[in-house]
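To start, the structure under review is shown below, and the notes come after it.
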Amino acid sequence: MSQHDDQVYLKHMLDHAREAVEMLAGKTQADLAQHRMLEVALIRLVEIIGEAATRVGSEMKSSNPQVPWREIIGMRNRLTHG
């Protein structure tokens, strides 16, 4: 895995996380429960973030232990397979 590839995956993670935050701006938990399309869109964004995290190289992950890699990937797995 090259540093360039990692940067691409990290950018995907950041872009999709920002999109999720923007999508939720001004929304409540009740809004999420009432709007199925919003819920599905957010689930998909989290899946994409998790998939990109699985592709980040082990060296990048170990040099950034403050990122909860296992939790991010685990959430993706729960959403995708659960």
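Within segment 1-43, which residues are closer than 21 Å to R78 by Cα and hydroxyl-bearing (S, T, Y)? The one that is closer than 21 Å to R78 by Cα and hydroxyl-bearing (S, T, Y): Y9.
Counted as qualifying within segment 1-65 are the helices (runs of 4 or more DSSP H) with 2 or more residues that are among the aliphatic types (A, V, I, L, M), namely 3-24, 29-34, 36-55.
Only one of the numbered conditions (1) under 12 Å from the mean Cα position of the chain (by Cα); (2) small (G, A, S); (3) not in a helix (DSSP H, G or I) is not met by G74, and that is (3).
Taking the numbered list (1) polar (S, T, N, Q); (2) surrounded by 11 or more Cβ atoms within 10 Å (Cβ to Cβ); (3) at pLDDT below 95 in turn, T28 passes all entries but (2).
Taken over segment 31-42, the criterion of being among the hydrophobic types (A, V, I, L, M, F, W, C) and either surrounded by 12 or more Cβ atoms within 10 Å (Cβ to Cβ) or in contact (Cβ under 8 Å) with a residue 40 or more places away in the chain (or both) is satisfied by L32, L38, A41, L42. Can you find a residue in segment 20-29 that is hydroxyl-bearing (S, T, Y) and closer than 22 Å to T80 by Cβ? No, segment 20-29 contains no residue that is hydroxyl-bearing (S, T, Y) and closer than 22 Å to T80 by Cβ. Of the residues that make up segment 40-49, is at least one at pLDDT 95 or above, basic (K, R) and more than 9 Å from the chain's Cα centre (by Cα)? No, that holds for no residue. Taking each residue of segment 2-21 that is touching a residue at least 12 places away in the same chain (Cβ under 8 Å) and within 11 Å of M60 (Cβ to Cβ) and looking for partners that are hydroxyl-bearing (S, T, Y) and in a helix (DSSP H, G or I) with beta-carbon atoms closer than 9 Å, six or more apart or interchain, yields Y9/T54.
The values are calculated or read from the model by the stated rules, or taken from the named source; none is laboratory data. Because the structure is a prediction, the values reported are computed rather than measured. Methodologically, a virtual Cβ is constructed for each residue, glycine included, from the backbone with ideal geometry; neighbour enumeration extends over all protein chains shown.
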